[in-house]
Amino acid sequence: HPNSFAGMALGTVPFIYYFFPISPRWIKAVLVVMLGFAINIIIFTGSRTGYVAFIIFALFVILKSKVKKKAIACVFVIGIISMPLIPQDYIDRFHTIFTGVEKEGRSAETRKQILKDAWQIFIENPLGVGVAAFPAARMAKFGRFQDTHNLYLEIATNLGIQGLLVFGLFIFYMLKMLTGITRGAYKQIQEMIEVTSHAENKGGLTGDIKKHISDLRLIYATGSAVFMFIIVRLALGLFGMDLYEIYWWFAFGLTVALYNIKKYSDNKTNEILNLI
């Protein structure tokens, strides 16, 4: 399905964006090639979901960036390069998000009907109809079979209010942990840079500090990438559904790993500061 391909391609973009500045030249070359493939997939799947999620990703990158001018410039350049490559038919499809008028087919009308049916089933079954049971419940009530095509209504209809609450807390605490990890790593990077000059008179400490700064930059880049990966998946959830996919466990695993690595880096930072 085009949305699935666009979603997988979009999932690589946060990692490419945040790993590029800290990578050696040959890895940068690989990342540029990957970005080219990702943009090509996002454009030529013609997925409106992919276009919207990419725009939301770009906005969050700008808001989250420590150097907003560079982030805006980067997004602008990618936009300038990409726009001429997008076929007019796909631009027209994107416009239907706002106009509601389909050039061909009735997908917008169908989606609206699905959303109405899903909301009605949720209202009548606030505790949910069961895992992946919405199509059967919809068929029984309305004689229509398609699934929700919306992550949030998928959770609401399948798992009910309690499912929405648990999923919301799951996402909230992951984003909170990642924010703490990246802020802490960024602060430590600045501290390490400040003490580098003092360490020059302490024998081999300068090399240790540089290596530690490199490790902290990797933590910061990975934490930022995972944060934006989650944002991308949440944006894709507006028009698709992936509650039972591996993406959330991938993000959760990386978040827990980063949390544990960050505790080690905190100890390392304290050791270095005590030696200065």
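Table for the structure above
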{"read-out": "Magnitude of the charge dipole, region 206-276, Cβ model with Lys/Arg +1 and Asp/Glu -1, debye to 20", "value": "180 debye"}
{"read-out": "Stretchable slack from residue 136 to residue 238, in nm (0.36 nm times residue separation minus alpha-carbon distance)", "value": "34.5 nm"}
{"read-out": "Accessible area per residue in Å² at 1.4 Å probe, computed on region 118-175", "value": "51 Å²"}
{"read-out": "5 angstrom amide H check on residue 239, placed H, neighbours 5+ away", "value": "151"}
{"read-out": "Cβ-derived FRET efficiency at R0 35 Å, residue 65 paired with residue 144, nearest 0.05", "value": "0.20"}
{"read-out": "Residue (of 240, 186, 159) at the positive-pole extreme of region 142-276, dipole from beta-carbon charges", "value": "186"}
{"read-out": "Under the Karplus curve 6.51 cos²θ - 1.76 cosθ + 1.60, θ = phi - 60°, whole-Hz ³J(HN,Hα) for region 188-193, x wherever Gly or Pro sits", "value": "5, 4, 4, 5, 5, 5"}
{"read-out": "Exposure ranking of 124, 191 by accessible area [1.4 Å probe, largest first]", "value": "124, 191"}
{"read-out": "Computed lengthening from residue 196 to residue 166, 0.36 nm per intervening residue step minus Cα-Cα distance", "value": "6.3 nm"}
{"read-out": "Distance between modelled label sites at residue 80 and residue 249, nm, 7 Å Cα→Cβ extension", "value": "4.4 nm"}
{"read-out": "264, 247, 259, ranked by accessible area, largest first (probe 1.4 Å)", "value": "264, 259, 247"}
{"read-out": "Backbone HN-Hα couplings from phi across region 21-26 [Karplus 6.51/-1.76/1.60, Hz, Gly and Pro as x]", "value": "x, 9, 9, x, 4, 5"}
{"read-out": "Length gained when the stretch residue 173-residue 275 is fully extended (0.36 nm per residue, less Cα-Cα span)", "value": "33.2 nm"}
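The values are calculated or read from the model by the stated rules, or taken from the named source; none is laboratory data. Quick caveat, the model's predicted, so the values are computed rather than measured. Because the Cβ atoms are built from the backbone with ideal geometry, glycine has one as well, and the counts that use them run over all protein chains shown. SASA here: full protein model, heavy atoms, side chains in, ligands and nucleic acids out. Shrake-Rupley method; radii C 1.70, N 1.55, O 1.52, S 1.80 Å.
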